[in-house]
Amino acid sequence: MLKHIIIISLYGFFITSCSESENEHALIDKATNATETANEGKPNTPQAAEEISWDDLIPVDSNPELLLEDFAKKYGDKDFDSNDPMVTEFKEALLGANKASPIVKSLQGKNVKIAGYVLPLNMKGEEATEFLLVPYVGACVHVPPPPANQIIYVAPEKSLEVDGLYDAVWVTGKVVIEQNSTEYAESGYTIVPTLIEPYEM
């Protein structure tokens, strides 16, 4: 069901990541005042917005499990440590697959709504003028980045006030199929936002 979890799990097996914070899994609504400012004068319920999940950004015929299966066939049950050249080979293959990850072309031009975490790219004071929307806390910073088809570039018309890394929000807007290279990772999608609001449980 959750294909991007597989890629994250593979990284977790072969790469040591930072420990999770106590609040990592809690979706938060810190940015209320900021989102009200960012969305002032915009419609509360944009017409025909389809709520989507992160799985919807991955083509149905994409099969990231095959990389692990190929690795298992090639090396079998061999024991190795993190400095083994085979591990390096696998990590390089995984990074290459992530960067070239396929996108869902039919999403082009669609008005969608998706929940995720804000990773600011450029800041103006305490406001983000552009950010990456990512599916989990720690993406692109504390752990290796997810595939490009699991990262969305967002540049709001009005900057978004944020408390720090990984405020949880809903982003509504039109999808543009394009890759963006950022200091953190490659994004496979762009959303031109009409509404940004806090994610509430």
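Filter the range 137-163 for residues that are in contact with a strand residue (DSSP E or B) (Cβ under 7 Å, 6 or more places away or on another chain), of a type outside the set (A, V, I, L, M, F, W, C), over 15 Å from Y189 (Cα atoms) and not in a strand (DSSP E or B) and give the result.
Within the range 137-163, just S159 meets the criteria.
For the range 143-153, give me the residue count where each residue is more than 11 Å from the chain's Cα centre (by Cα) and crowded, with 19+ Cβ neighbours inside 10 Å.
At the first step, the residues of the range 143-153 found to be more than 11 Å from the chain's Cα centre (by Cα) are 143-144.
Imposing the further condition that a residue be crowded, with 19+ Cβ neighbours inside 10 Å reduces the set to 144.
Residues that pass the stated criteria total 1.
Only one of (1) among the hydrophobic types (A, V, I, L, M, F, W, C); (2) surrounded by fewer than 22 Cβ atoms within 10 Å (Cβ to Cβ); (3) more than 9 Å from the chain's Cα centre (by Cα) is not met by C140, so which one is it?
(3)
Examine the range 115-129 for a residue that is small (G, A, S), without any contact (Cβ under 8 Å) to a residue 24 or more places away in the chain and within 28 Å of A48 (Cβ to Cβ), and state whether such a residue exists.
At the first step, the residues of the range 115-129 found to be small (G, A, S) are 115-116, 125, 128.
Among the residues that remain, those that are also without any contact (Cβ under 8 Å) to a residue 24 or more places away in the chain are: 125.
From what is left, the residues that are within 28 Å of A48 (Cβ to Cβ) are none.
No, the range 115-129 contains no residue that is small (G, A, S), without any contact (Cβ under 8 Å) to a residue 24 or more places away in the chain and within 28 Å of A48 (Cβ to Cβ).
For the range 158-187, what are the residues that are over 25 Å from D55 (Cβ atoms) and in contact (Cβ under 8 Å) with a residue 60 or more places away in the chain? First the steps, then the outcome.
As a first pass, look at the range 158-187 and keep what is over 25 Å from D55 (Cβ atoms): 158-164, 183.
If the condition is that a residue be over 25 Å from D55 (Cβ atoms) and in contact (Cβ under 8 Å) with a residue 60 or more places away in the chain, then K158, S159, L160, E161, V162, D163, E183 are the ones that fit.
In the list V192, V169, V176, which residue meets the criterion of being buried (at least 22 other Cβ atoms within 10 Å of the Cβ), β-branched (V, I, T) and assigned to a strand (DSSP E or B)? Give the steps one after another, and end with the answer.
Working: V192 fails: buried (at least 22 other Cβ atoms within 10 Å of the Cβ); V176 fails: buried (at least 22 other Cβ atoms within 10 Å of the Cβ).
After applying the criteria, what remains is V169.
Identify, by number, the condition in (1) aliphatic (A, V, I, L, M); (2) more than 17 Å from N111 (Cβ to Cβ); (3) at pLDDT 95 or above that V141 doesn't meet.
(3)
Say we look at the range 156-166 and pick out the residues that are surrounded by fewer than 22 Cβ atoms within 10 Å (Cβ to Cβ) and over 15 Å from the mean Cα position of the chain (by Cα); which of these is modelled with the lowest pLDDT? Don't jump to the end; show me each part of the working.
Of all residues in the range 156-166, those surrounded by fewer than 22 Cβ atoms within 10 Å (Cβ to Cβ) come to 157-159, 161-165.
When the remaining residues are screened for being over 15 Å from the mean Cα position of the chain (by Cα), the result is 157-159, 161-164.
Working: E157: 92, K158: 93, S159: 94, E161: 93, V162: 93, D163: 86, G164: 81.
So, considering only residues that are surrounded by fewer than 22 Cβ atoms within 10 Å (Cβ to Cβ) and over 15 Å from the mean Cα position of the chain (by Cα), the one modelled with the lowest pLDDT is G164.
The values are calculated or read from the model by the stated rules, or taken from the named source; none is laboratory data. Quantities reported herein were computed from a predicted structural model and do not represent experimental measurements. Here the Cβ is made from the backbone with ideal geometry for all residues, glycine too, and neighbour counts use every protein chain on show.
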